[in-house]
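Input: a single structure, listed below in structure tokens.
Nothing in this text is a laboratory measurement; each read-out follows from the coordinates by a stated rule. These numbers were taken from a predicted model, which means no experiment stands behind them. Note: ideal-geometry Cβ built from the backbone for every residue, glycine included; neighbour counts use all protein chains shown.
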Amino acid sequence: MALINRKVEIADTRYEIVKLMNTIVEAETGLRGYLLTGSVQFLEPYNRSAKETSLLFSQIKSLEKDFPGFKSSLATLDTLIKEKFSIIESTLQVQLAAGSYSPHLRLSNDASKALIEKIRVEIDQLDKVMQSEAALVDVELSLTINSLKLGSLIVVLLIITILLINYRRTIWLFEHASSSQELAEEFGYLAMHDALTHLPNRRNFEQYLKKSISQANRHSQKVGLLYMDLDGFKLINDQYGHHVGDDALVSAVAMINGVLRDFDFLARVGGDEFALVVQNFNNANELLILANRIIQALKTPVMTIGKDDVLMGVSIGIATYPDQVKNIKALITAADEAMYKAKATGKNQAFFHA
């Protein structure tokens with residue numbers, strides 16, 4: 001039974017080592033999600049992962065007497081983890097104090113990656129110690145089994161116990177790795193999408209527009225940009241409250257999506273501002289037709305409260321690349337200016353960039 005208990009201890013420790021690496025990555029992922037979006041929902045998983053990292057490291061360090069090979073790596077790892085979280089905490093404090101546009105906000109990607117890689121090397125070294133310990137136990141188990149009579153019930157039970165232990169620990173490791181991957185995917189989605197409408201956010205939009213223009217340059221194509229501002233959204237918020245405003249906004253997005261093609265790219269770039277990237281068109285008149293379809297769709301009430309129909313219009317500015325402008329920044333500016341012109345001269349209409 002001593003060998004079995006040692007096998008269990010090794011399997012449990014390897015599990016905690018894998019979790020330690022994952023919690024460090026999850027903490028940084030949560031922080032980066034917060035820095036990218038400003039959404040406090042990322043801080044909860046960051047704080048949780050930071051606490052788990054501290055707890056797991058303490059648990060592993062407490063086993064140093066049982067696994068002497070840990071000593072060197074644990075000392076180095078202790079320093080690296082403290083340095084890593086010191087950088088993360090400093091970056092968080094800058095964000096909280098100075099806001100999203102602080103010039104000191106960005107983490108040094110190279111330094112951050114270098115630290116993570118150093119931590120990974122030391123954790124891999126801990127796991128190698130565990131693998132060596134496991135190999136030694138396996139040799140002793142093999143010798144023990146061979147010394148017993150073949151077919152002995154003890155042998156059968158011993159083999160079954162070993163298999164069950166290894167199977168259970170393997171399943172635990174797989175489940176933790178899977179949950180970490182799911183969490184990373186969730187963070188990735190939230191960092192690139194608006195939480196209310198689930199549309200791509202501004203960062204996503206800017207990346208997509210950049211790719212669209214690069215593709216247009218390669219294939220001598222055009223890119224159209226429709227900048228939209230919802231008319232009456234603020235009035236709905238003031239009259240009915242923000243929760244009704246949110247519902248109205250979601251409804252308006254559904255109406256807009258209902259008249260778009262599958263390959264049109266709609267993003268929420270502000271409170272009531274949206275951007276639509278259009279490709280695969282022959283002339284600018286097609287963009288005006290699409291804009292008028294959106295305007296027409298929003299003539300239907302976005303919702304009904306009691307006997308009152310809640311209405312919302314839209315002002316749209318249109319610009320094209322490369323016919324009217326020659327770069328991304330100019331395209332966004334041109335569409336935005338045309339949208340404000342549409343809004344200033346009557347609302348609920350579409351204007352081209354002059």
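With only alpha-carbon atoms counted, please give the Rg and Dmax of region 220-320, in Å.
14.3, 53
Just how many pairs of Lys in region 222-354 have C-alpha atoms closer than 15 Å, counting pairs that are eight or more places apart or on different chains? Before the final figure, lay out the partial values.
Values: Lys222/Lys326; Lys234/Lys343; Lys234/Lys347; Lys299/Lys347.
Lysine pairs meeting both conditions in region 222-354 amount to 4.
Computed FRET efficiency, Cβ-Cβ of Thr333 and Val244, R0 30 Å: what is it to the nearest 0.05? Walk me through the numbers on the way to the answer.
Numbers: r = 33 Å, r/R0 = 1.10.
The value I calculate is 0.35.
Quick one: what are the phi-derived ³J(HN,Hα) couplings along region 338-353, Karplus 6.51/-1.76/1.60 with θ = phi - 60°, whole Hz, x for glycine and proline?
Working through the residues one at a time gives 5, 5, 5, 5, 4, 6, 6, 10, x, 6, 6, 8, 10, 10, 7, 5 Hz.
Would you mind counting up the charge near Ile60? Only other residues with Cβ under 13 Å from its Cβ, with Lys and Arg at +1 and Asp and Glu at -1.
Summing Lys and Arg as +1 and Asp and Glu as -1 gives -4.
Between Lys341 and Glu9, 0.36 nm times their residue separation minus their Cα-Cα distance comes to what? Don't jump to the answer; show the numbers that get you there.
Working: separation 332, 0.36 × 332 = 119.52 nm, distance 7.05 nm.
Answer, rounded to one decimal: 112.5 nm.
Calculate, in nm to one decimal, what Ser54 and Asn280 gain on full extension: separation in residues at 0.36 nm each, minus their alpha carbon distance.
Values: separation 226, 0.36 × 226 = 81.36 nm, distance 5.29 nm.
Separation in residues times 0.36 nm, less the Cα-Cα distance, equals 76.1 nm.
Taking H as built 1.01 Å from N, whose amide H comes closer than 5 Å to the amide H of Val310, not counting residues under 5 places away?
Val302, Met303, Thr304, Ile305
Could you give each residue of region 14-19 its phi-based ³J(HN,Hα) in whole Hz, using Karplus coefficients 6.51, -1.76, 1.60 with θ = phi - 60°, and x for Gly or Pro?
Values, residue by residue: 4, 4, 5, 5, 4, 4 Hz.
In region 303-319, which residues have a backbone nitrogen under 11 Å from the label point lying 7 Å from Ala254's Cα in the Cα-to-Cβ direction?
Once the point is set 7 Å along Cα→Cβ of Ala254, 303-304 turn out to lie under 11 Å by backbone N, inside region 303-319.
Any chance you could run the full-extension gain for Gln207 through Ile305? It's 0.36 nm times the residue separation minus the Cα-Cα distance, nm to one decimal.
Full extension of this stretch gives 31.4 nm more.
Would you tally the net charge around Gly270, using a Cβ to Cβ cut-off of less than 11 Å, leaving Gly270 out, and scoring K and R as +1, D and E as -1?
With Lys, Arg at +1 and Asp, Glu at -1, the net is -3.
HN-Hα J couplings of region 70-85 from phi, Karplus 6.51/-1.76/1.60, θ = phi - 60°, integer Hz, Gly and Pro as x?
Residue by residue, region 70-85 yields 6, 3, 5, 5, 5, 5, 5, 5, 4, 5, 5, 5, 4, 5, 4, 6 Hz.
In units of 2.2 N^0.38 Å, what is the alpha-carbon radius of gyration of region 210-257? The partial results should precede the final answer.
Details: Rg = 16.9 Å, N = 48, 2.2 N^0.38 = 9.6 Å.
Expressed relative to 2.2 N^0.38 Å, the Cα Rg reads 1.77.
Regarding region 228-286, what's the average projected area of the Cα-atom convex hull, expressed in nm²? Don't skip to the answer; put the middle values down first.
Values: hull surface 17.9 nm².
The directionally averaged projection comes out at 4.5 nm².
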